[in-house]
1. Express the relative contact order of the chain as a whole percentage, based on alpha carbon pairs under 8 Å and six or more residues apart in sequence.
2. Cut-off is 10 Å between beta-carbons; in what order do Asp211, Asp148 appear when sorted fewest neighbours first?
3. Where does each of 8-15, 214-221 land if you order them by average Cβ count within 10 Å, highest first?
4. Using Cα springs under 10 Å in a Gaussian network model of the chain, which residue among Ile145, Ile177, Ile46 shows the largest mean-square fluctuation?
5. Over the stretch 94-206, what is the relative contact order in percent, taking alpha-carbon pairs closer than 8 angstrom and at least six residues apart?
6. Please list the non-local residues whose amide H lies under 5 Å from the amide H of Arg92, H modeled 1.01 Å from N, same-chain partners needing a gap of 5 or more.
7. What shape does the stretch 20-68 take by its C-alpha gyration tensor, where a ≥ b ≥ c are the square roots of the eigenvalues and a/c under 1.5 counts as rounded, a/b above b/c as prolate, and the rest as oblate?
8. What whole-number value in cubic angstrom gives the convex hull volume per residue for the C-alpha atoms of the chain?
Amino acid sequence: MQEPIHVAIIMDGNGRWARKRGLPRVIGHRQGVESVRAIVKASTRIGLRYLTLYTFSTENWQRPADEVSTLMDMLEEMLVKETPELHKNNVRINAIGRLEALHDNARTALQNSLDQTSKNTGLVLTLCLNYGSRGEIVDAVKKVIERDRRERFDLTCFEETELTQYLYDPHLPEPDILIRTGAKNRERLSNFLLWQIAYTEIFFTETLWPDFRDREFTEVIQSFKERERLFGGIQS
């Protein structure tokens, strides 16, 4: 059976989880952090090499200013509290997106976490922050144009593999699995890793992110192992 190397997750449902219980949305976000902790531990346990989490999208800036500020504060808090344990467990924190637009406190905490774990060789935990896939592709094209203006390289030889080198992290392998939680009536990709998931196995679950823990994660991994991946070919 095939073993996944890279799992990406759209962590949806924090707000709905809180609303169902008559609680403020922030409580849902905090409970969601517990799920992050649980899935990181599960990923380490099964030997996963890469875990990528859709943490804050470019569209999330449209939320009320007080909620955005709370999310930035929670990101800072999570990084400060969790990084020592992640570092102890050899996890390397990574981040992609337009990071310069993050609030100063969150950006500073992120940089400290990146620096502290930069030499770790275990699970690579990538946080997608101020991330949007269309924006990533646009930024990649801009880099290509800038290089062409400097060097005038031969565009007739420019293929998909070359464009990949201009993405936010060209060393991040394409996901084997994409999970979207809280997917009842929301089976969509929400501008997440559109270039990278061309042949990714996609799993939608109605389980809200704060309720998504080791058992649900393990079920997805097992289901993936039973799928046949042909990448456009035919069964031999």
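Each value in this text was obtained by applying a stated rule to the coordinates, not by laboratory testing. Since the model is a prediction, treat every value here as computed from it, not as a measurement. All Cβ positions, glycine included, derive from the backbone under ideal geometry; neighbour counts span all protein chains shown.
1. Relative contact order here is 30 percent.
2. Asp148, Asp211
3. Working: 8-15: 24.1, 214-221: 16.4.
For the peptides 8-15, 214-221, the packing ranking is 8-15, 214-221.
4. Highest fluctuation of the listed residues: Ile145.
5. Working: 101 pairs, mean separation 30.5, N = 113.
Relative contact order of the stretch 94-206: 27 percent.
6. Gly122, Leu123, Val124, Leu125
7. Because a/c hits 1.5 or more and a/b fails to exceed b/c, the stretch 20-68 counts as oblate.
8. 149 Å³
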